[in-house]
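Some notes on the structure that comes next.
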Amino acid sequence: MKRILLCCLAICCIFAFTACAPAAQTGESFAMDTIITQTVYAKNDSVIGQNNQILRDIENKMSKTIPTSDIGRMNAQNTQDVEISDDTAQVLKTCVEHAALTDGAFDPALGGLMAAWGFGTQNAHIPGEAELEGLLAHTDYNAISAGVNEDGKAFANAGGTQVDLGGAGKGYALDRLAQNLTDNGVSSAILSLGGSIYAVGTKPDGSAYKIGIRDPSGSENDYMATLELDGKFVSTSGTYERGFTQDGTYYSHILDPKTGYPVKNELASVTVICPSGILSDIYSTALFVMGPEKGIAFAHGQGVDALFLTNDKQMIATDGFAEKYGLSITNKDYHG
Ligand code: AMP
Ligand code: MG
């Protein structure tokens, strides 16, 4: 009898829990040049709509291809001060600080070089030596300045460079979306913006959110491993994301700001996990430029977790990476 009572009690508890557990809300949209997918367990049914509004707002402030955006106006004014939003000021500050910290491996002033290579456009091609040299002279994050004027408004100056926040913007956007989840009391969600993902909590069945790490030598939906994520941000920078082939050589969109050429090392991708979206994004790009040896040492120094995949399918990770994130290798061609 006692056992039957306990059993009934357990069933009632499960029923009560599932009855008030928030329902899954999903959304797929396009912003910041990427597909965005969201699964959110929220009582409030406007969270995904709010997130999409936040994304549009960030894009309108930071896209270099929108002439009225903060970055569009900074780049057009070139050496003159431009009033900008507090959001853009914050992102610029973080980018410039981390450009210094990474010794220029990450450089938000390489917009001119990116435009010359034309990745993702009909006009993608290897620029001439003279053109690259001219652009390199205007690729230096130290030239970017920002501050607050007498009216308390944020301003910035591109200092003759062309600002490009493509290596940090999606990560920053995820930070903002994660904050919006917290503001709405959401404790279970997974958000994906191109190569950057945030997950918090567990699925309704109590299992962890699993993220697939793309197999750089496979196609878009192929992954080589999965890992578990809760309350952190993961960003992957890979050669497969964007690039073109000319005269039999592949040129990828991750540039070495010191040479002006696409990074050519043994790496196919770098995945970084840390508690900040913008930093996971910045570091994934920076560590790619640094290469595995320097990159691992840098990641250890900063206390961020990173997984490097080489073109010959070798995995190189920071200490304890596999255990920390329950890394499960699904493509056995990859080896440690
Ligand atoms: P991600 O895919 O996050 O590595 O970002 C790549 C994007 O960042 C490119 O499309 C460029 O807009 C920009 N980018 C490329 N190389 C660099 C670099 N070395 N430092 C900063 N941004 C970069
Ligand atoms: Mg990045």
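Every number here is computed from the coordinates shown, using simple stated rules; none is lab data. Just so it is clear, the structure is predicted and the values come from calculations on it, not from any experiment. Please note: Cβ atoms are built from the backbone with ideal geometry, for glycine as well, and neighbour counts cover all protein chains shown.
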> Tell me, MET315, MET74 in order of fewest to most beta-carbon neighbours within 10 Å?
Replying inline: MET315, MET74
> Scattering from the C-alpha atoms of the chain alone, worked out with Debye: what is log10 I(q)/I(0) at q = 0.08, 0.09, 0.12, 0.16 1/Å?
Replying inline: -0.41, -0.51, -0.87, -1.43
> HN-Hα J couplings of the range 214-219 from phi, Karplus 6.51/-1.76/1.60, θ = phi - 60°, integer Hz, Gly and Pro as x?
Replying inline: 4, 7, x, 9, x, 9
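How would you rank 321-334, 197-210, highest first, on the average number of other Cβ atoms within 10 Å across their residues?
Details: 321-334: 14.2, 197-210: 16.2.
Packing order, densest peptide first, comes out as 197-210, 321-334.
Of the peptides 297-303, 35-41, how do they stack up when ordered by the mean number of other Cβ atoms within 10 Å, highest first?
Order by mean packing, descending: 35-41, 297-303.
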>> Using amide H atoms built in the peptide plane, which far-off residues or other-chain residues are under 5 Å from TYR209 H to H?
In response: LYS203, LEU229
> So what's the Cα pair-distance distribution over the range 83-150, bin width 10 Å, in %?
Replying inline: 19, 39, 32, 10, 1
>> Output needed: percent of Cα pairs per 5 Å distance bin for the range 230-336, bins running from 0 to the one holding the longest distance.
In response: 2, 12, 23, 24, 19, 12, 5, 2, 0
> Out of GLY134, ALA297, ASN60, whose Cα points farthest toward the positive end of the dipole of the range 35-329 (charges: +1 Lys, Arg; -1 Asp, Glu; placed on Cβ)?
Replying inline: ASN60
>> Can you give the local net charge around MET114? Use residues other than it whose beta-carbon is closer than 9 angstrom to its beta-carbon, Lys and Arg +1, Asp and Glu -1.
In response: 0
> Can you run phi through the Karplus equation (6.51, -1.76, 1.60; θ = phi - 60°) for the range 322-329 and list ³J(HN,Hα) in whole Hz, with x for Gly and Pro?
Replying inline: 4, 5, 4, 10, x, 4, 10, 7
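Nearest 500 deg cm²/dmol is fine: what mean residue ellipticity at 222 nm does the chain get from its DSSP H runs of n ≥ 4 alone, each adding -39,500 (n - 2.57), divided by its residue count? All intermediate terms of the calculation are to be shown ahead of the outcome.
On the way: 10 runs with 118 residues, N = 336.
-11000 deg cm²/dmol, from helical runs alone.
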> Quick one: which of 123-129, 111-117, 148-154 comes out on top by average Cβ neighbours within 10 Å, and what's the full order, highest first?
Replying inline: 111-117, 123-129, 148-154
>> Once each part is reduced to its C-alpha centroid, what is the distance from the range 140-186 to the range 242-285 in angstrom?
In response: 21 Å
> Highest GNM mean-square fluctuation, the chain, Cα pairs closer than 10 Å: which of GLN25, GLN246, GLN77?
Replying inline: GLN246
> How about LYS258: which lysines have a C-alpha closer than 23 Å to its C-alpha, ignoring those fewer than 8 places off in the same chain?
Replying inline: LYS64, LYS93, LYS294
